[in-house]
Amino acid sequence: MKLIIVESPHKAKTISKYLGSGYRVVASKGHVSDLPQKSLGIDVKNNFKPEYVISEDKKSVIEMIKKDIAKCDTVYLAADPDREGEAISWHLANVCGIKDKKVRIVFNEISKKAVQNALENPREINMGLVDAQQARRVLDRLMGYELSPIISHQIKSGLSAGRVQSVALKMVVDREREIRSFVPQEYWTITAQLVKDLSENATSFKCEFVDVDNKKVKVETKEVADRIIEGSKKGAWKVDDVKRSQSISKPAPPFTTSTMQQDAISKLGFSASMVTQTAQKLYEGVEVEGEGQIALVTYIRTDSVRVSDDAQREALQFIQTNYGKNYCPVKPNVYATGAGAQDAHEAIRPITLERTPESIKDKISRNDYKLYKLIYDRFVASQMAPAVYDTLTVHIVSESDRRYGYTLKGKVCTFPGYTSAYQSNPDKDNSKELPNLNTGETLLLKDISGEQKFTKPPQRYTDGSFIKAMEENGIGRPSTFEKTITVLYKRTYIEKDGKNMKPTELGELVCEQLEKNFPEIMNTKFTADMENNLDKIEEGNIKWYDVIADFYTDFHNKVLEVKYQGKVKPKSEETDVICEKCGARMVVKDSKFGKFLACPNFPKCRNTKPYGEAVAKCPQCGGGVAKKFSKKGTEYYSCMNYPDCKFISWDLPAPYFCPECKSTMKIVKSKDSTKYVCTNKSCRHTEIIETKNES
């Protein structure tokens, strides 16, 4: 019997489908060893040697794996093909006492061919990958362990800071600062509507003002706009220049982790965490009705756009069969992976193009289908020929005292190329026609107008645009983008404003304190340089503990210098409500149950008041109940006497508890009556309070 150890039960189930009775596949359920939770766990005087302990929740897992190892002749460690997966394999080998050297197997996709090929080519554990993971873990522990207490002491308890999350927070705060300091600038656009003649059926052309006497002009005031409009009205209109050409649009490369997350967030409306969870399922295996658990895509944590030769050959054959030979590029499309990318794995693509999204649409969940289709279409399109367009650029002038120049631009698709992969009717744009205009041709003015506009400030980040910005700044790696965003939300350093993210007051204060005391580590260059050092460790060019040593001495001295220099309190929103006990203006405070009013002279004065209007009576204390909204926008109700009364309900509560089971009763209104209904599903006691008679 041969034993294969993976990290995920889903992955184990999928792999088992491809192996015979001579194999057993089990899951470690992630890391089995880590640094201790309640101590630093790093010997800073002995090359930063980490102290690894078996996680409490993994002790039983380890015991079961050891029993399986004892029953098997051969053991293979098949965690994910990245630093974390290599580290998991290394810890498993150490904890379980696996002595054989060539026990590590890796595959970029969970298919029968890939798994069998991996089993035929086991290798030793790659200590370069392990050391890079160790360096990252030790570095993050040291920074978090030393920075978090300082921030907690200066602001409030329970806060955290870290190598990646703090720099990421600064990016959000910096964007907010730009928005606040932005001063809008006025500008005007001038649009003329022209025709060849004044007949009823004459086709009009819209063109936009660009120049005066062939010199570009920015129209920044109404006075300038009015002069241009009046001058243009007096002139004779004619076609000054016509340029017809052909342009091509090349397909985007197949997805990396970052581009997949960006597209899924913007096009599918997924959150960053939803993209990660769904993609992981597609990689490890989803339940396909009638077939069992099937893996659909290749490894989903990658910064590479590279595609294997086999996958490219399959794609070109698929395109020729389903679209036609002219949809295949003259030479296979090859994309350049960006600078700084590890390029350890292929781009994200379907395992096979034979399994089309439509063939499994009704056999998998809706979200699984949507993301699979996004990945599938992007990969097919990436291997297709460019789209071709006929383009037209026309320069039109109105000649009076001066030459007022306007432009008209247009394009029409003559060959859809790769766009066919994204749309069901690729030739739909071919019905459009470009205006038939010739140099020297005279035109008539039908209408002309100006519109006042203002320059806009930078937009707040969305989850998708933030991931793109992190990647561009070299902050983190594909596997950490979503985790970083999740931590910032969880710590309430940032919050949602519609689809955008903005810093909270707490987040800005944390950022300000870190910038003040640790400007070096709040620099994106520091984080990017550290990521490059981790790459060098992986490649075996430097020792992992040397990287830590170079950083730690100065950092630790700085920590000692600023430690406990004073406590900074967050500002609070002041109101016009006067505290009847001491006369101060009360302020708005946040709690996990919602907002309330508190005296700013706490702890000398502990007076509090409810915040908001009562919509019901509290069944617990008789006070008012206010409607609130969670951070995710979910409606709930809580007592306005918080913190003295902590009653909370997802439903509009009745003024007393259920007489049968003592659960909360909810108010249910219809056009005929008002009822109190018990929220306990096994009880559902109901009382009719009011019956409305029809008039």
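The values are calculated or read from the model by the stated rules, or taken from the named source; none is laboratory data. All of these numbers come straight from a predicted model, not from anything done at the bench. Glycine gets a Cβ as well: all are built from the backbone with ideal geometry, and neighbour counts include every protein chain shown. Accessible surface is based on the protein model in full, side chains and every heavy atom, while ligands, DNA and RNA are left aside. Shrake-Rupley method; radii C 1.70, N 1.55, O 1.52, S 1.80 Å.
Using modelled amide H (1.01 Å from N, peptide plane; none on Pro or chain starts), what sits under 5 Å from the amide H of GLU441, excluding residues fewer than 5 places away?
Amide H to amide H, under 5 Å and 5 or more residues apart or across chains, GLU441 pairs with VAL239.
For the stretch 322-334, in order, what is each residue's ³J(HN,Hα) by Karplus, 6.51 cos²θ - 1.76 cosθ + 1.60 with θ = phi - 60°, in whole Hz (x at glycine and Pro)?
9, 10, x, 4, 5, 8, 8, x, 4, 10, x, 6, 10
First compute the accessible area of the chain with a 1.4 Å probe, then give the percent of it belonging to carbon and sulfur atoms.
Roughly 48 percent of what the probe reaches on the chain is carbon or sulfur.
On a full-extension model of 0.36 nm per residue, what is the gain between TYR335 and LYS516, subtracting their alpha-carbon distance, rounded to one decimal in nm?
60.9 nm
Against the empirical 2.2 N^0.38 Å scaling, what ratio does the C-alpha Rg of the stretch 1-121 come to?
The stretch 1-121 yields a ratio of 1.11.
For the chain, what is the accessible area per residue in Å², given a 1.4 Å probe and the full set of protein chains?
For the chain, the per-residue accessible area is 52 Å².
Can you give the relative contact order of the stretch 71-196 as a percent, counting alpha carbon pairs under 8 Å and 6+ residues apart? Mind dumping the intermediate values first?
Working: 97 pairs, mean separation 22.5, N = 126.
About 18 percent, as a whole number.
When we measure straight from the Cα of LYS370, which aspartates and glutamates land under 12 angstrom away, once same-chain ones fewer than 8 places off are left out?
Excluding near neighbours in sequence, the set is ASP263, GLU358, ASP362.
Applying a 10 Å radius around every beta-carbon, put 437-446, 374-383, 113-122, 537-546 in order of their mean neighbour count, most first.
374-383, 537-546, 113-122, 437-446
Calculate one ³J(HN,Hα) per residue across the stretch 184-195 by plugging θ = phi - 60° into the Karplus curve 6.51 cos²θ - 1.76 cosθ + 1.60, and present them in order as whole Hz with x for glycine and proline.
Karplus-based 3J(HN,Hα) across the stretch 184-195 equals x, 10, 6, 8, 10, 10, 10, 10, 10, 10, 10, 9 Hz.
Of LYS66/LYS536; LYS59/LYS363; LYS234/LYS409; LYS409/LYS456; LYS170/LYS609, which sit over 28 Å apart, Cα to Cα?
Distance filter (> 28 Å) returns LYS66/LYS536; LYS59/LYS363; LYS170/LYS609.
Just the Cα atoms of the stretch 496-554: what Rg and Dmax do they give in Å?
16.1, 46
What whole-number value in cubic angstrom gives the convex hull volume per residue for the C-alpha atoms of the stretch 211-318?
In the stretch 211-318, the Cα hull volume divided by residue count equals 277 Å³.
Which net charge results when you count Lys and Arg as +1 and Asp and Glu as -1 among the other residues whose beta-carbon is under 13 Å from that of ARG136?
Charge balance near ARG136 sits at -2.
Give me Rg/Rg_expected for the chain, where Rg uses Cα atoms only and Rg_expected = 2.2 N^0.38 Å with N residues. Write down the numbers at each step before the final one.
Values: Rg = 32.3 Å, N = 695, 2.2 N^0.38 = 26.4 Å.
Dividing the Cα Rg of the chain by 2.2 N^0.38 Å gives 1.22.
Based solely on its DSSP helices, what 222 nm [θ] is calculated for the chain when runs of n ≥ 4 H residues each add -39,500 (n - 2.57) and the sum is averaged over all residues, nearest 500 deg cm²/dmol?
The helix contribution divided over the chain gives -10500 deg cm²/dmol.
What number, in nm² with one decimal, is the all-direction average of the projected area of the convex hull of the alpha-carbon atoms of the stretch 293-356?
Answer in nm², one decimal: 5.2.
Explain nothing, just compute: Karplus ³J(HN,Hα) = 6.51 cos²θ - 1.76 cosθ + 1.60, θ = phi - 60°, for every residue of the stretch 528-541 in order, whole Hz, x for Gly and Pro.
3J(HN,Hα) across the stretch 528-541, in whole Hz: 5, 5, 5, 4, 5, 5, 4, 5, 5, 4, 4, 7, x, 7.
For LYS99 and LYS604, compute 0.36 nm times the residue count separating them, minus their Cα-Cα distance, and round to one decimal in nm.
Values: separation 505, 0.36 × 505 = 181.80 nm, distance 6.54 nm.
Roughly 175.3 nm would be gained on extension.
Between the stretch 38-61 and the stretch 493-569, how far is it from one alpha carbon centroid to the other, in angstrom?
One Cα centre to the other: 23 Å.
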